[in-house]
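Rule-based calculations on the coordinates, nothing more; no lab input. Since this is a predicted model, take the numbers as computed values, not measurements. For neighbour counting, all protein chains shown are included, and Cβ atoms are generated from backbone atoms with ideal geometry for every residue, glycine included.
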Amino acid sequence: MVAPPDNDVLWARGLHYAHSGSPALAGVSIGVREGEILAITGPRGSGKTTLLKCLSGQIVPSPGEVWFNSAPVHTLSRAARERLRRERFGWIDSEPHLVPELTAWENTALPLLMRGVGHRAAKRTAGEWLERLDVGDCQRKRPAALLQAQRQRIAIARALASEPTVLFADEPTAPLHNADRAQVLRTLTTAARSHHITVVIATLDDEIATLADRTVSLVDGRRGTALPVLDAPDGEGRAACSVSA
């Protein structure tokens, strides 16, 4: 067993995983630096979601190693992995999964309340994030009264409000209209940088390539073809590369 590099908040080696006997990952290795925004691209069915679930401890590779801050996630018990996800990780799905009985601010504040944050402070923080994502006027509404795009913005606000160490986002702009995607992606990446949140985002959205620090590609659960280096709007080079297998 080899310890991960010191500057990698996440590090994985030789990840294999199969769904009902069908390979989803085949020997993928990857490192994610602290504070980095890493985009994982590739066609549908290439293994992006499976990779995120392995890195976040939702599923355990077989074989393969996943490390978070030099701790082996792949050897933790189910309960320990659930605690890690609750306390250190955030997750944004491609569909908004909100509690139907709760209002928008209550859904957003839920992770904070579960951590023991006071009601008033949790409500204030939730309101601030809802405002940033342009759904502040929805605070007292329940999910059934909201549009799909509004519900997704609330799910994103919920993930950011708890300020996780690592935020995993699985095609977070999928339910959004084209006009909304760029604004939401910029809000997500700007918030992550200002709060020193590491982001691993699986996406089909070309816009993320201009916002991420690095892009890796997956094809059929394996190493993809290297992408060219891109120039960011601020003049800094944003590297794009493949996942090593």
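A few remarks follow.
- Candidate cross-link partners of K123 among the lysines, defined by an alpha-carbon separation under 25 Å and a same-chain spacing of 8 or more, comprise K141.
- Where a label projected 7 Å from the Cα of Q148 along Cα→Cβ would reach, residues of the stretch 175-211 with amide N under 12 Å: 175-178
- Selected from I154, I201, I59 as most flexible by GNM, with the chain as the system and alpha-carbon contacts under 10 Å: I59
- Range in the chain, longest, excluding exposed GluC sites (Glu not before Pro) [loop by DSSP; at most 16 other beta-carbon atoms within 10 Å]: 102-235
- With Rh defined as the Kirkwood radius, the inverse of the mean 1/r over Cα pairs, the Rg/Rh of the stretch 98-160 is 0.93.
- Nearest-0.05 FRET efficiency for H119 and L204, computed from C-beta distance (R0 45 Å): 0.70
- Compactness of the stretch 41-98 is given as radius of gyration and Dmax, 12.3, 33 Å, from Cα positions.
- In the chain, the C-alpha radius of gyration followed by the widest Cα-Cα span (Dmax) gives 17.7, 51 angstrom.
- Within-9-Å neighbourhood charge of T173 [Cβ basis; K, R +1; D, E -1]: -3
- Efficiency of FRET from Cβ geometry, S194 and N69, R₀ 30 Å, rounded to 0.05: 0.90
- For the stretch 2-84, trypsin sites (Lys or Arg not before Pro) are listed when DSSP marks them as loop and at most 15 other Cβ atoms sit within 10 Å of their Cβ; the list is R44.
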